[in-house]
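First up is the structure itself, then whatever we jot down about it.
Computed from the coordinates by the stated procedures, all read-outs in this text should not be read as laboratory data. Owing to the predicted nature of the structure, the values given are computational and were not obtained by experimental measurement. All Cβ positions, glycine included, derive from the backbone under ideal geometry; neighbour counts span all protein chains shown.
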Amino acid sequence: MKRDPLTRRDFLARSAASVAVGAGGLGLIGWLHSCSGGTPARGKGFVPEQLVSGYTSGILRPPGALEEHPFVSRCIKCMKCGQACPLAAVRFLGVQWGRSFGTPVVVPGIRACDLCVRRDRKECITACPTGALQEIALNDVAMGKAEVDKDICFEHQNVAFYGEAEAKERNKNKPERVCAICHKYCPVRVETEIKLSPTSNRVRFKSPFVSKKERETLTKIVTQRAIEVDDHDRPTVVEDRCVGCGRCEEKCPQPDKAIRVETKREILV
């Protein structure tokens, strides 16, 4: 059978198609390389298996994520949430995660979420085109709950955070014991009204003309965090305030992480 001669237009069209297929193939190769633990680009990295296998109760979904089944169904793996995250905290699961392949997660061991507390919106949620990530108030975020391992926590064990060498470098006579880094980096701020004791200095010196009855009703607004410290700087997680962002885990200087975020959520595979 005699073939029709190849016109110049057909030749150019087929050449363009070949280039497009080649580029797509290279993109796919790079994508799969990332899936297997290759060096991730900012906001587009896939979570290597070894970084999530140590988590006893799963990994964290970004703030505002729907329940697992509807989340996976609605997420179109567009990666826009990861591109929008200013901290590059949003990563994506690799092919070994089956149905959850390409869906976003936060792994505090790599980079935790700061809940965009210094911005007027949560960037990942704003970027999501399908509603898999929903607008949510800060105090309603439920990514997980942090837990302190008192057996290895520097403060609970009264272990010097900086050793003799570091203390010398800092021109100090003795090692520093104070850590409390988890408390310092906790982004949750909750304003609470507390009642002042009638005998406190704040009440006694407020005015010499305050009656006893008025003193008993005086209150003040205090800002509290999800991680509180006692007089010895030992941290404790206040569960009803903790939203599980993972900043405490990321910043913990203990190599084995004395504080971790756990979640009961199970990733679909």
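Considered as a group, the residues in the stretch 70-119 that are among the small types (Gly, Ala, Ser) and more than 13 Å from ILE59 (Cβ to Cβ) include one that is nearest to the chain's Cα centre (by Cα), and that residue is ALA88. The residue that is surrounded by the most Cβ atoms within 10 Å (Cβ to Cβ), among those in the stretch 236-269 that are among the β-branched types (Val, Ile, Thr) and in contact (Cβ under 8 Å) with a residue 40 or more places away in the chain, is VAL261.
Select from the stretch 106-115 the residues that are closer than 16 Å to ARG260 by Cα and either out of contact with any Gly (no Cβ under 7 Å at 6 or more places or on another chain) or of a type in the set (A, V, I, L, M, F, W, C) (or both) and write down the one among them that is surrounded by the fewest Cβ atoms within 10 Å (Cβ to Cβ). Here the answer is GLY109.
If you go through the stretch 116-146 and keep only what is of a type in the set (Val, Ile, Thr) and touching a Gly at 6+ places or on another chain (Cβ under 9 Å), you end up with ILE125, ILE136, VAL141.
Going by what's in this entry, would ALA137 be described as aliphatic (A, V, I, L, M) and touching a Cys at 6+ places or on another chain (Cβ under 6 Å)? Here the answer is no, as ALA137 does not meet what is asked. Could you list, in sequence order, all residues of the stretch 88-112 that are closer than 22 Å to ALA146 by Cα and in contact with a Cys (Cβ under 7 Å, 6 or more places away or on another chain)? Residues satisfying the conditions are ALA89, VAL90, PRO104, VAL106, ALA112.
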